[in-house]
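Visitor: Below: one structure in structure tokens.
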Amino acid sequence: MVNPFHLAFPVDDLDAARNFYGTVLGCAEGRSTEAWIDFDLYGHQIVTHLIPEACRAAAGGGAGAVDGHNVPIPHFGVVLDMDDWKALAERVRSHGITFGVEPHIRFVGLPGEQATMFFCDPAGNALEFKAFANMQQLFAKQ
């Protein structure tokens, strides 16, 4: 078992965050106040904090080149098994979320071959979800 991580990050609208993380991604909601909401993201605790000015300041984040795509930096997400990754891709698509990087397989035929997709929450926080056909290659070197 992997120890769950905890990540707190800014959002500019808690109702939009509640809809995105709760309804779109299907995260169970934990504790909350008028200033923050805990969510269960595949067994990990993420916390959306209402800090609109932080979202505006970070809106122009950078991008890094990975396997022919510009990926948003910073970003966070979870490594899923392939069936859960495919189900999440369809769930996100069914809610009309625009992908920054469409679901696809990268590093084809190389160590660390993986499925990946990128999209943003309503506050502009970038998320990446991955899956490996062979989880033993999670930290593979090329």
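Visitor: Taking R91 and the conditions (1) part of a helix (DSSP H, G or I); (2) at pLDDT 95 or above; (3) in contact with a Gly (Cβ under 8 Å, 6 or more places away or on another chain); (4) open to solvent by less than 70 Å² (accessible area, probe 1.4 Å), which numbered condition does it fall short on, given that it satisfies the others?
Guide: (4)
Visitor: Now for a different question. Scan the stretch 94-110 residue by residue and report those that are open to solvent by 60 Å² or more (accessible area, probe 1.4 Å), at pLDDT below 95 and in a loop (DSSP other than H, G, I, E, B).
Guide: Answer for the stretch 94-110, where residues must be open to solvent by 60 Å² or more (accessible area, probe 1.4 Å), at pLDDT below 95 and in a loop (DSSP other than H, G, I, E, B): V108, G109, L110.
Visitor: How many of the residues in the stretch 86-133 are closer than 18 Å to H75 by Cβ and of a type in the set (D, E, K, R)?
Guide: 5
Visitor: Okay, next question. Answer yes if at least one residue in the stretch 107-123 is within 24 Å of A16 (Cα to Cα), out of contact with any helix residue (DSSP H, G or I) (no Cβ under 9 Å at 6 or more places or on another chain) and charged (D, E, K, R), and no otherwise.
Guide: No, every residue in the stretch 107-123 fails to be within 24 Å of A16 (Cα to Cα), out of contact with any helix residue (DSSP H, G or I) (no Cβ under 9 Å at 6 or more places or on another chain) and charged (D, E, K, R).
Visitor: Still on this structure: With respect to Y42, is the statement that it is at pLDDT 95 or above and open to solvent by 50 Å² or more (accessible area, probe 1.4 Å) true?
Guide: Spelling it out, Y42 is indeed at pLDDT 95 or above and open to solvent by 50 Å² or more (accessible area, probe 1.4 Å).
Visitor: With respect to the numbered conditions (1) surrounded by 13 or more Cβ atoms within 10 Å (Cβ to Cβ); (2) outside any loop (DSSP other than H, G, I, E, B); (3) touching a residue at least 12 places away in the same chain (Cβ under 8 Å), which one is the sole condition not fulfilled by G30?
Guide: (1)
Visitor: Another question, then. So which of Q142, Q114, Q136 is open to solvent by less than 30 Å² (accessible area, probe 1.4 Å) and either modelled with pLDDT under 95 or within 20 Å of L41 (Cβ to Cβ) (or both)?
Guide: Q114
Visitor: Right, another one. Do you know which of the residues in the stretch 65-82 that are over 13 Å from the mean Cα position of the chain (by Cα) and either closer than 22 Å to F5 by Cβ or modelled with pLDDT of 95 or more (or both) is most open to solvent (accessible area, probe 1.4 Å)?
Guide: The extreme case among them is D81.
Visitor: Name the residue that is farthest from the chain's Cα centre (by Cα), counting only residues in the stretch 1-27 that are touching a residue at least 60 places away in the same chain (Cβ under 8 Å) and over 23 Å from R93 (Cβ atoms).
Guide: If we take residues in the stretch 1-27 being touching a residue at least 60 places away in the same chain (Cβ under 8 Å) and over 23 Å from R93 (Cβ atoms), then D12 is farthest from the chain's Cα centre (by Cα).
Visitor: Does G100 satisfy the criteria of being small (G, A, S) and within 15 Å of the chain's Cα centre (by Cα)?
Guide: Yes: the conditions hold for G100.
Visitor: Can I ask one more? Could you tell me which residue of the stretch 1-27 is surrounded by the fewest Cβ atoms within 10 Å (Cβ to Cβ), considering only residues that are small (G, A, S) and closer than 14 Å to N125 by Cβ?
Guide: The qualifying residue surrounded by the fewest Cβ atoms within 10 Å (Cβ to Cβ) is A8.
The values are calculated or read from the model by the stated rules, or taken from the named source; none is laboratory data. Computed from a prediction, not measured in an experiment: that's the story for all the values here. Glycine gets a Cβ as well: all are built from the backbone with ideal geometry, and neighbour counts include every protein chain shown. Please note that ligands, DNA and RNA were not included when accessible areas were found on the heavy atoms of the full protein model with its side chains. Shrake-Rupley method; radii C 1.70, N 1.55, O 1.52, S 1.80 Å.
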